[in-house]
Structures are given as C-alpha cells and as structure tokens.
Amino acid sequence: MTTPQEELLPGTRRALLHRVAVAQAEGRAPSLVATVVRGGNTVWTGARTCVEGHGPDENVQYRIGSITKTFTAVLVLRLRDEGLIDLDDPVERHLPGTGAGKATIAHLLAHTGGLAAETPGPWWERSPGSLRPELSDVLGEHPLLHPAGRRFHYSNPGYALLGALVEKLRGASWEEVLRREVLEPLRLERTSVRPQAPHAGGWAVHPWADVMLPEPAEDLGVMAPAGQLWSTAGDLARFAAFLVQGDERVLSAESLREMRTPAAPAEVADVASGYAYCLGMEIRHQGGRTLVGHTGSLPGFLACLTMSVADDVAAIVLANCTSGPLLFTVAADLVGIVADAEPRIPSPWRPLADVDPLVLELVGQWYWGTYGFVLRLTADGLAVLEPLSGKGRGSRFRCNGDGTWTGLEGYYAGEILKPVRRPDGSLSHLDLGSFVFTRQPYDEGAPVPGGVDPEGWRGIG
C-alpha cells in the first residue's frame, strides 16, 4: 500500500503517464500497463488501451515469457543454498543421459552451456507442449553447439533442463515447487502457470496495417520453466522488491546479489551495447544507469522487469502484442523519470557504534609504488580502498575476523588484504595479493619487492 510519504509528485506522475501513452500509441499495442516501485512499495501504476472503458490495472494478467527464467533461477539457488547441489556440478551428475556434456548448473543459469537457442521441430512457443513430452524432445539429437563455458549463447532448452533438475531433487512438478516455495511466501497470488481471469488476450498487430490477429496461448509442457508464467504488474512489483531486498523464507539478499552478478563472457556486440547476463537475470546500461532484471516475450505478449538498485527504483511494463513497443526502453525511461525527478534521499549519516583501534589504524593514505590510494571505513563495517585519482583499481573489503579482509568486487574480488606489523606491533604495510602498500611511495622501511635505491629520491642533476 502506498503511503502519502511515498506518493510521487504530480509532475512526475504526468511524465510517467505520458511515457506509457507514447509507448502504447507509437508501438500500436492493444493495451499496456506499467508499474513503478520505489523503496519496495508500488508508487505508481498507469495503463493505456485501444478499448475505451476497459483499461487494464495492476491485477490483470499478461504472459511474461522469459521473466519466468528468473523464477526458475530462484528455485535453483534455493537448492544450492540448502546444499543439495553445487552450481559447478555437471548437469549430467543429476540428470544423466541428457547429452549436456560438460555443462554445469551455473552454465545453464548463465546461458553458457553451449546448448542450442531453441528446440527442434515446430516453433515451440506457438505449438502445444504435448509435441515435446520429454527432455530429449526439446534437446534433440545434437544439443550442443558450442563448448561449455566458452561463450554466451541464450538457450531456452537450458532452462527446461533446470526445471527438470528442480523436479528431480524436489520430487514434485516445477509448477508445484514454484507455487509452494516462491509464489505463496511472496504472496504472488496472481502469478500462475495458466491464465486466470481477468487476463489479457494475446494479439499480433499487422506491421503495415492497423489490424490484429489473435495469437494462440499454448501450454509449453517441459519448456514451461523457460517461459510459461502469467503474472500481473502488481505481482511483479512485489517480485522486484524481493529481488533487491531478499526474503529469508525464499532466498537471502546475499544469494540475490549473486544472481545479479555477471556470470557469462560477453560477446563483442554485448560489450558495445552494455549487456551482460547473470544467473537468471540480465544487466543493461541505459541513460548512465545500471539496470538489472529480465525481459520476456511469447506470441501475443511482451514484458519487462528492470530495476536500478542504486536508485532503489524498479519498473514493470506489460503489453499484449507480439511485437511493438521496446519495453526495456520504456521501463528504463520510467526508472529514469522517477530517479531524476525525485532522487533517492539517503539515510542519515551515523558514526560507527564501535571500532577496533587496530582497524582504525589502517585508514588513510597508502601507496602502491607511486600510485596513491586511500583506505577508509564505512558505517556498514566495510573497508574501501580507492585510488586517489578516482581512476584505477578499487574495491570494498569485508573483515574476516582474523585481522584480514576479503575483496568484494573488481580486480580485488576474493583477494586477501592483510595488515603486516613489525616485531614491536607497529603497522609496517598492507599486503594485497602480494602487492605491498606503504605509507610513503617506495618506503625504505617496508619490504618493497626489488628493494629501494639507498640513495633515495633525487633530481636529474
């Protein structure tokens, strides 16, 4: 429920409505509904439709296509967190005989398993799943197109395999496990495998004439974990809030951060466009922002869920047309409208409740060779090492409780930062993955590799 403190300004609301109105009109979508989430709460919903008096609201179901993959990925991460699998397990260990070769569970989540993009036979999204009753029917005789782990190649059959993995380890259908472990705890009561009234009908809009053709709504069978779900803007708003905040009944915030971390080697074109794939989620860059979520499409429907974690704003856009508005662009614009017009108000600064004097001694200026760095402590107990120039390698570090710190991102992710002390207990230097950081450039009192010229610093003459 939106409280008065969460309501958007009238100018912001009009800008949002204008954006979705333009998207529906120029994209020639029979209907389009959108929702914006800020601080975990829905703060705006808007819709446009070609049928006067029948505008959809946040409770009308649309098919969400590949956003289903994010739900499936949550189920797989739950299995990992319970210790039933390791993401580095070969898929064949749990599903022998699939022909997935050396592909691991992580490879399938990140679309790097080398599997084909689509199934053999008729267009699977527009034909009944009964035509493909077994995994072998969606994988075909030669499921592998590329070596596992070498390149990103989007694979819908890969997520059918992940759904089968969930079914085998849970001893229940993917649909039942999803309902029990995700939909019910998160109160996603309008998200389902089959449409439930009120729901939109799927349409194909002629590319060169303003006429429409109804699209079939097929049950995808074993391909369901790749794109079966129907949902609403309201349910996806709650799901977006969960994807940022976590819910210990479903998946921790730490595991969700892992899901939002790039896990696939980028193609050249993806590097240029700022696209990366994670574990069941996509990262895109638009308008100077990093946006994470997923898009979806099935004949008759388009969907997008995207969010800026830094701005704490998410947007969901749903439309009932096979092609039309570029929903990611629309959703990204909705995020940008709110974040720019009403930027996030930071929490009040508060000092640390307690700090170890030995830790406090680490802060300040350091040098790696002649490169200047600063190390500071943050209110959340992390250490941040940053280049003074603002350019170069930096990272946050988490305290390990034994005097050492582990890097959390970038070049230093997983690397150990260790304060080194002299026999008298005084601080000598920092060791970071064999790099020696000293208080002065090439400090002669520290064990700088290669030594320091005894004549010291000098001019040219």
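The values are calculated or read from the model by the stated rules, or taken from the named source; none is laboratory data. Source: prediction; values computed, not measured. Cβ: placed from backbone, ideal geometry, glycine included. Neighbour counts: every protein chain shown.
Residues considered: Arg132, Arg126. Of these, the only one that is buried (at least 23 other Cβ atoms within 10 Å of the Cβ) and among the basic types (Lys, Arg) is Arg132. Applying the criterion of being part of a loop (DSSP other than H, G, I, E, B) and more than 33 Å from the chain's Cα centre (by Cα) to the residues of region 347-362, the residue that is surrounded by the most Cβ atoms within 10 Å (Cβ to Cβ) is Leu362. Name every residue in region 235-281 that is touching a Pro at 6+ places or on another chain (Cβ under 6 Å) and over 20 Å from Glu181 (Cβ atoms), in order of residue number. Within region 235-281, Ala276, Cys278 meet the criteria.
A Cβ distance below 6 Å, combined with a sequence gap of six or more or placement on separate chains, defines the contacts here; from region 437-450, residues that are of a type in the set (A, V, I, L, M) reach residues that are surrounded by 12 or more Cβ atoms within 10 Å (Cβ to Cβ) and not in a loop (DSSP other than H, G, I, E, B) in the pairs Ala446/Ser428; Ala446/His429; Ala446/Thr438; Val448/Val436. Among the strands (runs of 3 or more DSSP E) contained in region 202-314, which hold 1 or more residues that are among the aromatic types (Phe, Trp, Tyr), outside the structural domain of Ala160 (by TED's automatic domain parsing) and surrounded by fewer than 22 Cβ atoms within 10 Å (Cβ to Cβ)? Because the criterion is at least 1 residues that are among the aromatic types (Phe, Trp, Tyr), outside the structural domain of Ala160 (by TED's automatic domain parsing) and surrounded by fewer than 22 Cβ atoms within 10 Å (Cβ to Cβ), no strands (runs of 3 or more DSSP E) in region 202-314 meet it. Mind checking which pairs have a first residue in region 298-314 that is closer than 29 Å to Leu213 by Cβ and a second that is basic (Lys, Arg) and crowded, with 23+ Cβ neighbours inside 10 Å, Cβ under 8 Å, 6 or more apart or different chains? As it stands, the answer is Leu298/Arg63; Gly300/Arg63; Phe301/Arg63; Ala303/Arg63, since those pairs meet every condition given. Check region 57-67 and report whether any residue there is in contact (Cβ under 8 Å) with a residue 40 or more places away in the chain, basic (Lys, Arg), touching a strand residue (DSSP E or B) at 6+ places or on another chain (Cβ under 8 Å) and part of a helix (DSSP H, G or I). Checked against the condition, which is being in contact (Cβ under 8 Å) with a residue 40 or more places away in the chain, basic (Lys, Arg), touching a strand residue (DSSP E or B) at 6+ places or on another chain (Cβ under 8 Å) and part of a helix (DSSP H, G or I), region 57-67 yields no hits at all.
When region 50-98 is filtered for residues that are at pLDDT 95 or above and of a type in the set (S, T, N, Q), the ones remaining, listed by number, are Asn59, Gln61, Ser66, Thr68, Thr70, Thr72. Of all the numbered requirements in (1) over 20 Å from Leu388 (Cα atoms); (2) outside the structural domain of Trp368 (by TED's automatic domain parsing), Asp443 misses one, and that requirement is (1). Selection of region 392-436 for residues being of a type in the set (Lys, Arg), within 26 Å of the chain's Cα centre (by Cα) and assigned to a loop (DSSP other than H, G, I, E, B) yields only Arg393.
Every residue, every condition in (1) over 25 Å from the mean Cα position of the chain (by Cα); (2) among the small types (Gly, Ala, Ser), yes or no:
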residue: Cys304; (1), (2): no, no
residue: Ala315; (1), (2): no, yes
residue: Val330; (1), (2): no, no
residue: Leu334; (1), (2): no, no
residue: Ile337; (1), (2): no, no
residue: Pro343; (1), (2): no, no
residue: Gly372; (1), (2): yes, yes
residue: Ala379; (1), (2): yes, yes
residue: Leu385; (1), (2): yes, no
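Answer with yes or no whether His54 is part of a loop (DSSP other than H, G, I, E, B) and surrounded by fewer than 21 Cβ atoms within 10 Å (Cβ to Cβ). It is true that His54 is part of a loop (DSSP other than H, G, I, E, B) and surrounded by fewer than 21 Cβ atoms within 10 Å (Cβ to Cβ). Six or more apart or on different chains, Cβ under 7 Å: which pairs go from a residue in region 369-390 that's under 20 Å from Val436 (Cα atoms) to one that's acidic (Asp, Glu) and surrounded by 15 or more Cβ atoms within 10 Å (Cβ to Cβ)? Could you list them? Note: pairs meeting the criteria are Phe373/Glu386; Val374/Glu386. Screening Val384, Val436 for residues that are of a type in the set (A, V, I, L, M), at pLDDT 95 or above and closer than 30 Å to Trp349 by Cα leaves exactly one candidate, Val384. Taking region 319-346 as the range and being under 22 Å from Ala47 (Cα atoms), among the aliphatic types (A, V, I, L, M) and assigned to a loop (DSSP other than H, G, I, E, B) as the test, only Leu326 passes.
Please indicate, with yes or no, whether at least one residue in region 327-340 is modelled with pLDDT under 95, touching a Leu at 6+ places or on another chain (Cβ under 8 Å) and of a type in the set (Val, Ile, Thr). Scanning region 327-340, I find no residue that is modelled with pLDDT under 95, touching a Leu at 6+ places or on another chain (Cβ under 8 Å) and of a type in the set (Val, Ile, Thr), so the answer is no.
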